[in-house]
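As structure tokens, the structure follows; a few thoughts come after it.
None of the figures in this text is laboratory data; all of them are computed from the coordinates on show. The structure displayed is predicted, hence computed values, not measured ones. Glycine gets a Cβ as well: all are built from the backbone with ideal geometry, and neighbour counts include every protein chain shown.
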Amino acid sequence: MIKLNVVDKVYRTDTIETTALKNINLQVEKGEFLSIMGPSGCGKSTLLNIMGLLDKPSSGKVKIEELEVGTFGDRKLAKIRNRKIGFVFQSFHLINDLSVLDNVEIPLLYRRLSGKERKGRALEVLEKVGLSARVKHFPRQLSGGQCQRVAIARAIVGNPEIILADEPTGNLDSVMGAEIMDILMKLNKEANTTIVMVTHDIHLAEQTQRIIRLFDGSQVM
Amino acid sequence: MMNFRHLFKLIWNRRKMNLLMIIEIFISFIVLFILVQSLVKFAFYYSEQLGFNYKNVWNLEINTNNVSDEIGRQEMELIKNELRSFPEIVNFSEAFNIPYTSLSITTNIDYNGKTISNNLLLADDNYADVLEIELVEGRWFNEADNASAHEPVIINKKFKEALFPDVSAIGKTLQQKENIREIIGVIDQIKKRGELNDYGKILFKRINPHNPKSWLGENLLIKVKVGTGIEFEEKLMRRLSLVSKNFSLEMISMEDMRERAFTKYTSVAYIFGFVCIFLVVNVALGLFGVLWYNINFRRSEIGLRRTVGSTAPKIYQQIIGETLILSTFSIIIGSFFVLNLKILITNFLRTDIFYTSYFVTVFIIYLITAICAFYPSKLAAEIEPAETMHYE
């Protein structure tokens, strides 16, 4: 599903060169639930950004469903992100001035769909995450757990095959964190969605099928 | 293309934040409309025919120094006799309230219960020839009018359209207080105050030198041969000063009068235009600043949109689209004000000038806001999602 081959990522300024990722080889299979762990600044988010086509590696190859994306331009990458990948972030990144329903519809705005279709799909996924009663609410009227459920609904509204979650429980208490983890597990099991999750929480990581550990930008066993 | 309904929703939900921008654009719209309507008005007026020929016409301004009508008439005829002796002079006309002067003699004429206000001009029988004024109906004053039962008058087309839109005006009688006037001619439009003015309703009365009750003109419009220069003017003034004992005389060419009239308007237009442009530039800079601030404020949102499938050009379109929608709100409010002004003050502006000014203003506002949004939109389109999504 996702294949990274000898991926390096180096950030350069005029005076400083920082290696964020070094020689990463990783293959994520379809339907796999994988977690990435490591100390702060070890390159977890950079790795997730490269897998999510939000960033480009300095060297190495990235393949999504056997498609080598290195030469793709902005338009093609945006299309793959929109069709194949759903994103969940630690700080939810909901638009405060839009209702829950409108927030969930956002990825569908970049597809050729009617307003009715968009609404129908958004309501469907909001029901899946248990927020049918909150569709007209605004993010500031929701709890952290509810916000993250909205973010998950937004991530899955386009039926992506991959979900990339960057510390999805990082801003939540343990009870809400567990709720979010349940939703992700359910998605993985029922919809066979490939999930890659960055986390600091070993208990959550242990619930996934595989753990990748990073240290100073390198993959460790 | 970005979904407009989504943009409207976003703007509506952020109405408090957008209020400042809407007010700024609204103020620009009003200021710009005032400036544009002046410029459009001048452009329209300038493009329309003047109605007379000022070239090679000199204006001898006469100050009668309050001499009696009898003495004044005698002296005027002496001057005219002198003028006839110069081969350089093609023709001349005694007149009062002549073109390119700001004097306005307003009279009211009654016809069938309708009262028409008009600017009264006085002219003798040569006036139309000297200024090459075209008649569209009837004729100019001549000797035959000495014996007419009613005082003859000539009106312009605008006057005629107000009273006799579908029928000939010739022979119609008008009442001015207890006096009856008979229309003997209709001239084409004439811009009494020059090119940068609209046509007014004009009524000509005849100066009859044989009638002691007739007005004494304070101007002699002298048509000279092409190429007649300042030397002749000096010679002429010397000779006229010998025959004119009581009047004070001053000569000015109508080309100079035209120039003066232009300068009067253009200097006001420059000052006014400068002030308006200064205000609009200030508002544009303010708008630019607000948009720039908003982009920084919205980095997370823009990063998210890029993450979930928006391309950089779509972000660019969205920001420009939002700004144009905000401009539309301001234009709607501004339009409400200016359209009501048009309805309330019927002669506020000519309809063609009003609508041209309106559409030009709308176009400029969209252009200014699009220009102001250009750079912030470019910045927004350059936001890298990877940079913005990891933190907030």
Worksheet entry | Extension gain, B:R84 back to B:F359 (0.36 nm per residue minus Cα-Cα distance, nm) | 93.6 nm
Discussion item. For a test of the definition: using alpha carbon positions, the gyration tensor, and the 1.5 limit on a/c, classify the stretch B:49-124 as rounded, prolate or oblate.
Written reply: oblate
Worksheet item: For B:M237 and B:Y366, what does the FRET efficiency come to when R0 = 45 Å and r is the distance between their Cβ atoms, rounded to the nearest 0.05?
Response: 0.20
Practice prompt. Count, for each residue of A:89-95, the Cβ atoms from other chains sitting within 10 Å of its Cβ, then give me the mean as a whole number.
Written response: 6
Fill in: Zone of B:I332's modelled label, taken as backbone nitrogen in the stretch B:1-23 under 17 Å from a point 7 Å along Cα→Cβ
B:4-23
Practice prompt. Please name which of B:I222, A:M181, B:S244 has its Cα lying farthest along the dipole of the protein assembly as shown towards the positive end, using unit charges on Cβ (Lys, Arg +1; Asp, Glu -1) and the Cα centre as origin.
Written response: A:M181
Worksheet item: Remind me, relative contact order of the stretch A:2-220 in percent, using alpha carbon pairs under 8 angstrom and six or more residues apart?
Response: 32 percent
Fill in: DSSP-defined beta bridges in the protein assembly as shown - what % are antiparallel, rounded to 5
65 percent
Worksheet item: So, in nm, how far is label A:Q207 from label B:T173 when the simple model puts each one 7 Å beyond its Cα toward the Cβ?
Response: 10.7 nm
Discussion item. If I model the stretch B:1-107 as equal point scatterers sitting on the Cα atoms and use the Debye formula, what is log10 I(q)/I(0) at q = 0.14 Å⁻¹?
Written reply: -0.87
Worksheet item: Where a ≥ b ≥ c are the square roots of the eigenvalues of the C-alpha gyration tensor, would you call chain B rounded, which needs a/c under 1.5, or, failing that, prolate if a/b is larger than b/c, or oblate?
Response: prolate
Response to the item:
In nanometres, the difference between 0.36 nm per residue of separation and the alpha-carbon distance of B:V281 and B:S117 is 54.9 nm
Practice prompt. Before anything else, pin down the relative contact order of chain B: Cα pairs under 8 Å, at least 6 apart, normalised by residue count, whole percent.
Written response: 28 percent
Worksheet item: What shape does the stretch B:172-256 have by the C-alpha gyration tensor, where a ≥ b ≥ c are the square roots of the eigenvalues, rounded means a/c under 1.5, and otherwise prolate means a/b greater than b/c and oblate the rest?
Response: oblate
Worksheet item: Of the cross-linked pairs B:K157/B:K342; B:K177/B:K225; B:K157/B:K235; B:K157/B:K225, which ones have a Cα-Cα span greater than 32 Å in the structure shown?
Response: B:K177/B:K225; B:K157/B:K235
Worksheet entry | Ranked list, fewest to most other Cβ atoms within 10 Å of each Cβ, for B:K264, B:K314 | B:K264, B:K314
Discussion item. Charges at C-beta only: +1 for Lys and Arg, -1 for Asp and Glu. How large is the resulting dipole of chain B about its Cα centre, in Debye rounded to 20?
Written reply: 1740 debye
Worksheet item: Within the stretch B:66-96, what residues put their amide N at less than 18 Å from the label point 7 Å along the Cα-to-Cβ vector of B:E250?
Response: B:66-67, B:95-96
Item to complete: Would you look at the GNM of chain B, springs on alpha carbons closer than 10 Å, and say which of B:D198, B:D110, B:D188 moves the most?
Response: B:D110
Worksheet entry | Inter-chain shielding of B:145-157 (mean C-beta neighbours from other protein chains, 10 Å cut-off) | 0
Item to complete: Would you list which aspartates and glutamates come within 17 Å of B:K264, measuring only between C-alpha atoms, while excluding same-chain residues fewer than 8 positions from it?
Response: B:E195, B:D198, B:E255, B:D256
Worksheet item: Between B:K213 and B:E48, what is the FRET efficiency for a Förster distance of 41 Å, r being their Cβ-Cβ separation, to the nearest 0.05?
Response: 0.65
Worksheet item: Roughly how many nanometres apart are two label points built 7 Å out from the Cα toward the Cβ at B:K225 and B:F272?
Response: 4.4 nm
Worksheet item: Dipole size in debye (nearest 20) for the stretch B:258-392 around its Cα centre, Lys and Arg Cβ +1, Asp and Glu Cβ -1?
Response: 520 debye
Worksheet, complete the sentence: Taking B:118-128, B:232-242 and ranking on average Cβ neighbours within 10 Å, highest first, one gets B:118-128, B:232-242
Item to complete: Straight distance only, please: which lysines reach the Cα of A:K136 with their own Cα at less than 27 Å, same-chain residues fewer than 8 apart left out?
Response: A:K116, A:K119, A:K128, A:K186, B:K9, B:K16, B:K314
Worksheet, complete the sentence: Here the relative contact order (percent) of the stretch B:57-253, from C-alpha pairs under 8 Å and at least 6 apart, is 37 percent
Fill in: Cα→Cβ-extended label distance, 7 Å offset, between A:V69 and B:A144, nm
9.5 nm
Worksheet item: Where the only charges are on Cβ atoms (+1 Lys, Arg; -1 Asp, Glu), what is the dipole of chain A about its Cα centre, to the nearest 20 debye?
Response: 800 debye
Worksheet item: Per residue of B:313-326, what is the mean number of Cβ atoms on other protein chains within 10 angstrom of that residue's Cβ?
Response: 1
